[in-house]
Structures are given as structure tokens and as C-alpha cells.
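The values are calculated or read from the model by the stated rules, or taken from the named source; none is laboratory data. None of the values given here were measured: they were computed from a predicted structure. Every residue, glycine as well, gets a Cβ built from its backbone with ideal geometry; the counts of neighbours run over all protein chains shown.
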Amino acid sequence: MGILQHIEHQISALNDLVKINYDRITGYEKAIEGAEDDDLKTLFSKYIEQSKKNIAELTEHLHVLGGDPATGTTLAGKFYHAWIDVKARFTKKDRHSILSDCEYGEDVANAAYRNASDDKELIWKDERIVALLTHHLKELKTSHDSVKALRDAAEMVNS
């Protein structure tokens, strides 16, 4: 892989992460619409801000590489959010189901970051990008674990 191809591959990978963060924002915006509990609305708003910060940081590295940042969500994210909208029309969105949907979104985001970090073809030589991806992944893991714990607690209440 030539240097130009390598840079293009890095730009593509970073843009995939930008899109995942846009998916995450859309998912949490939908979750806020369906949530009745103020604690969830506050938490989801925090995660929206986290993804906005992630996008800004990724965009900075994209510009360094000479790339333009993506501006939309992934195709899979669009299908998932459409499915959530259809599901919401036919089922009651209780605390547990909202948190289950959010946990799924966190799983997808975590997997995308792990895949980018582990991609052997990317060989991230810029330590700032490595540190950034590691930091984002750590925050996403913490977010996932928080959502999962809340989901599990909601499940216990429903049992």
C-alpha cells in the first residue's frame, strides 16, 4: 500500500468513526424523545455532547491528513434508527427498552473504534491519533457500562 493509499485509508477510517458518532447522537436524541425520566435525559444529553466532542477531535485529525470530514450517519445507523421508529409506534418504550436500545448503540460504537484501532493496514504511526482513539474507546466503554448497569437495574425492577 502506497503512502497516498495509506492516508486515504486513514481518512476513510476516521470518517467511519465520525459517522458512528453521528449515529450515536441520533440514537440518543431519539432516546431523549422517548424517555420520561430526567436522569436518563441528562445522561443521554451528556453522551450527545461526548460524541460532538469526538467528532470535533476526529475532524481536526482529518484536516491534518488533508481529508474532509463526513457529515452524516452510516447506512446501518439509518436502518437501525428507522427500525427503532417503527418499533416505537407499536410498543411502549419503557426505561428498560430505551436502555436496551442505547446499549446496542454503544456496542456498535465500541466495535467500530476497536476495529479502527486494530486494523493492521492502518498502522497508526501518529501517536496523537492512537492516543485519541484509545481515549474515545475508554470513554465509550465507560458509557456502555453505565447504560448496561442502568438497563440491568431497570430489568430487576420490571421482574
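Structure summary
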read-out	value
Enumeration of residues in segment 117-145 that are under 16 Å from Lys46 (Cβ atoms) and in contact with a helix residue (DSSP H, G or I) (Cβ under 7 Å, 6 or more places away or on another chain)	His136, Glu139, Leu140, Lys141, Ser143, His144
Condition broken by His135, with the remaining ones in (1) in contact with a Ser or Thr (Cβ under 7 Å, 6 or more places away or on another chain); (2) surrounded by fewer than 19 Cβ atoms within 10 Å (Cβ to Cβ) satisfied	(1)
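The rows are residues; the columns are (1) modelled with pLDDT of 90 or more; (2) surrounded by 14 or more Cβ atoms within 10 Å (Cβ to Cβ); (3) under 14 Å from His136 (Cβ atoms).
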site	(1), (2), (3)
Asn15	yes, yes, no
Arg24	yes, yes, yes
Phe44	yes, yes, no
Glu49	yes, no, yes
Leu58	yes, yes, yes
Ala70	no, yes, no
Lys78	no, no, no
